[in-house]
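Note sheet for the following structure.
What follows draws every value from the coordinates through simple rules; no lab data is involved. Small disclaimer: the values here were computed from a predicted structure and weren't measured. All Cβ positions, glycine included, derive from the backbone under ideal geometry; neighbour counts span all protein chains shown.
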């Protein structure tokens, strides 16, 4: 898709077309991550906390505050401001940010980063921040196209003598047969479309659609008439399309401004050996010029004015925001004032400290006062012993583990939620090696002998006058 007055392009590889739907084959179970149990804020329709719901335990006030922020974002009344999550380590700041993104929906871009990511020898600090902000601004393009859609019943290429040489033959055209519920149609197509069909590895029995204007070919899936009775299938089966073969179809593409920047900034180059070698030695990360961004914004604004596209502001989550310096904070003020600025969430575990990059500016949370004035600040509370036990129970269910008598109370006594959760998987490995199906108290005891929590480690390292590790002397 190209703009009529610009070379700005929308990369097809970056766009996710939601026009096709089918029955996918069973896949592998997803990887269990640190916050796999978080499914949302766990609020009622009135915005109050519904107990320990959606994988969240405790933090009632913080969850209700984030719920209000979600409503502000949905009503487009949170632009130019940011949310700051402040609390001790291990109190669920990252989990709150993820839950907030779940509440906004899967189609809303969520771009997390750590404050120290801006420091690079390849790219400027301001470029890193600009890039993550652009990737968090989604663009939903709705386009009505004239297509030929149906199950492929015939694929017959017609060959003729090659007029450019006396050897071999070339494809002059290809005959394609398509079938839908209402009937069939035979098409005589250009040889370039036949090459696209071969590239997509399309065979008879596949459901495809061909764009009438561009000749682009898309494989939707295998017709369910060819579905077998196997228990495991690697194929995606879709029903026979309804309606006529020749139809108008609305296609929806979800991309980001960052995708457009990269697609238009990357030089295509030639096919000669020097161009190929140049692409190999070129660094993988390049800066996008401000001029190109303005050109992309101009084209996007044209799409929005025509009703073709809709801007979907996403979420930028910057953890350990106190690691940014004064230059980054100044630049963030300008980014927040943009008309297409995404929702920005900061997180920090610092109290009152010196702003990085300065010697005499002391501010709350290590954030300058002018940026702090733009923030709604939400405090997270330290977890109680009972709440740690509930979190451990959630993780045990997610990781499909079993606990023996007294193990849950022992883990809750550890006092640190993160450390207690980290003991689960190693303890399960020990129990399996011992031939047990559940984690017992002796496994937790052995874990405490092998591993130390942060407080115990600091106490042991500093017991000899606070000098730290002495090299074993």
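What is the extension gain from residue 390 to residue 402, computed as 0.36 nm multiplied by their sequence separation minus the C-alpha to C-alpha distance, in nm to one decimal? Write down the numbers at each step before the final one.
Numbers: separation 12, 0.36 × 12 = 4.32 nm, distance 1.44 nm.
So the extension gain works out to 2.9 nm.
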Label-to-label distance, nm, for residues given as residue 106 and residue 289 (7 Å Cα→Cβ offset): 4.0 nm
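Go ahead and run the numbers for FRET between residue 228 and residue 306, Cβ-Cβ distance against an R0 of 41 Å, rounding to 0.05. Write out the running numbers ahead of the final one.
Working: r = 46 Å, r/R0 = 1.13.
With R0 = 41 Å, the Cβ-Cβ based efficiency is 0.35.
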Separation of the residue 382 and residue 119 label points, Cα + 7 Å toward Cβ, nm: 2.9 nm
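Between residue 203 and residue 172, what's the calculated FRET efficiency when r is the beta-carbon distance and R0 is 25 Å? Round to 0.05.
Values: r = 22 Å, r/R0 = 0.86.
Once rounded, the FRET efficiency stands at 0.70.
When 46, 295 are ordered from fewest to most other Cβ atoms inside 10 Å of their Cβ, what list results? Walk me through the intermediate numbers first.
Numbers: 46 7, 295 18.
Fewest-to-most ranking of 46, 295: 46, 295.
Rounded to the nearest 0.05, what FRET efficiency do residue 449 and residue 52 have when you use their Cβ-Cβ distance and R0 = 35 Å?
On the way: r = 32 Å, r/R0 = 0.92.
FRET efficiency, residue 449 to residue 52: 0.60.
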Residue exposure sequence - 113, 461 - by fewest surrounding Cβ within 10 Å: 461, 113
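Rounded, prolate or oblate: which fits segment 303-405 when a ≥ b ≥ c are the square roots of the eigenvalues of the alpha-carbon gyration tensor, with rounded for a/c under 1.5 and prolate only if a/b beats b/c?
Details: a/c = 3.38, a/b = 1.33, b/c = 2.54.
Cα axes put segment 303-405 in the oblate bin.
Multiply the residue separation of residue 72 and residue 249 by 0.36 nm, subtract the distance between their alpha-carbon atoms, and state the gained length in nm to one decimal. Spell out each step's value before the answer.
Working: separation 177, 0.36 × 177 = 63.72 nm, distance 3.41 nm.
The span from residue 72 to residue 249 would gain 60.3 nm if fully extended.
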Cα-projected label distance for residue 212 with residue 45, points at 7 Å along beta-carbon direction, nm: 4.4 nm
Cα gyration tensor category, rounded, prolate or oblate, for segment 385-461 with a/c compared to 1.5: oblate
